[in-house]
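Quick notes on the structure that follows.
We did not get these values from a lab; they are worked out from the coordinates using the rules stated. Keep in mind that this is a model prediction, so the values were computed, not measured. So basically every Cβ, Gly included, is an ideal-geometry build from the backbone, and we count neighbours across all protein chains shown.
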Amino acid sequence: MSKSLDSFKESLSRIRDIIDDINSNAPQALRDQSARARYETVRCAMLVMLSGFFESFIRNVADEFVTELCLRKVPFDRLPEKIRATHFMGGADVLLQRARKEKSANPMSESALTAQKLASVTSTMPYELVSEAFGDTKANPSAGVVREFLGRFGVENPGQLLASTSGLSQSSVETTFSSFIALRNECAHTGTAGNVPTGSEIVDYCDFLDRIAVAIITLLEGHFSSPALGAALAPSGGGPPAAPGP
C-alpha cells in the first residue's frame with residue numbers, strides 16, 4: 001500500500017509548495033487588494049483540493065489492500081465477517097449505483113463487471129472482492145468516515161488505534177477533522193470563507209492528514225498479521241501466513 005501513501009505525500013508537497021509561493025508574495029498582497037483577493041481564493045481552493053486528495057488516498061488504499069488480500073488466495077469463508085459483509089452489502093450498493101447510471105446503456109458493462117465480482121466468491125478461487133465497497137467515503141472524509149473505513153476490513157477499535165498510531169489523542173483527531181471539514185465545506189459551497197484559511201493553517205492540515213495517512217497504512221499493513229485476519233491467512237494446518245501470489 002506504499003504507492004497510495006507515496007502519491008498522497010506528493011499531493012501534499014504540491015499544496016505546501018503553493019502555500020510557500022503565496023507566502024513569498026505576501027508583501028505584494030499587503031499592497032495590492034486584487035493580489036490579496038487572488039491569494040485568498042487560492043488558499044480556499046487548496047483546502048478543497050486537500051480534501052479531494054485525501055478521499056482519493058482512501059479509495060486507492062482500499063484497492064491496494066483488496067488486491068493484496070485476493071493474492072493471498074484465502075478461501076472466502078475464512079475471511080473475517082466484516083470483510084465478507086462489506087463485499088456483499090457494500091458491493092450491492094455499488095452495483096445498484098452503477099445500474100442506475102447505466103440503465104439506458106447496452107451493454108451495462110460496469111454493472112456486469114461488479115456483478116461478476118460479487119458472484120466470484122461463490123465459486124473456486126481466484127475471486128475478486130468489490131474494492132469500491134471498501135473505499136466508499138460516502139461523504140467528506142471526517143473522523144467517522146475514517147473509522148468506518150478501517151472497520152470494513154475488520155480492524156477493531158479503529159478510533160482508538162488511529163489515535164494511538166498517529167500519536168494524537170482521540171479528541172484531537174475528532175476536533176481537527178471537524179474544523180477541517182467545516183472550513184472545507186464553507187470554501188467549497190461559497191467559493192470563499194468568512195475566515196479565509198491562512199497558509200499556516202493549511203500546512204497544519206497537511207501535516208495532520210499526513211500523520212493520519214501514515215497511521216492508516218500502518219494499521220492495515222499490520223492487520224494482515226492481526227488475530228482477526230492473520231488466522232484466516234494462515235494455512236489450515238497452521239504455520240505462517242500464505243505468501244502473496246505472483
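Computed from phi, the 3J(HN,Hα) profile of the range 101-114 under the Karplus parametrisation 6.51, -1.76, 1.60 (θ = phi - 60°) reads 6, 9, 4, 9, 8, 9, x, 8, 5, 5, 5, 5, 5, 5 Hz, with x in place of Gly and Pro. Of the residues Met125, Met108, the one with the fewest other Cβ atoms within 10 Å heads the list, and the complete ranking is Met125, Met108. Within the chain, the cysteines lacking any other cysteine Cβ closer than 4.7 Å to their own Cβ are Cys70, Cys206.
When Phe134, Phe177 are sorted by how many other C-beta atoms sit within 10 angstrom of their C-beta, beginning with the fewest, the order is Phe177, Phe134. When the pairs Lys82/Lys117; Lys3/Lys101; Lys9/Lys82 are compared against a 21 Å limit on Cα-Cα distance, Lys3/Lys101; Lys9/Lys82 fall above it. The 3J(HN,Hα) values that the Karplus relation (6.51, -1.76, 1.60; θ = phi - 60°) gives for the range 81-92 are, in residue order, 4, 4, 5, 5, 5, 5, 4, 7, 6, x, x, 5 Hz. Gly and Pro appear as x.
Among Tyr39, Tyr127, Tyr205, a tally of other beta-carbon atoms within 10 Å of each Cβ gives an order, fewest to most, of Tyr127, Tyr39, Tyr205. Residue-wise HN-Hα couplings along the range 43-53, as the Karplus relation 6.51 cos²θ - 1.76 cosθ + 1.60 with θ = phi - 60° gives them from phi, are 5, 4, 5, 4, 5, 5, 5, 4, 4, x, 4 Hz; Gly and Pro carry x. The residues packed around Leu95, meaning those with a beta-carbon under 14 Å from its beta-carbon, carry a net charge of -1 if Lys and Arg are +1 and Asp and Glu are -1.
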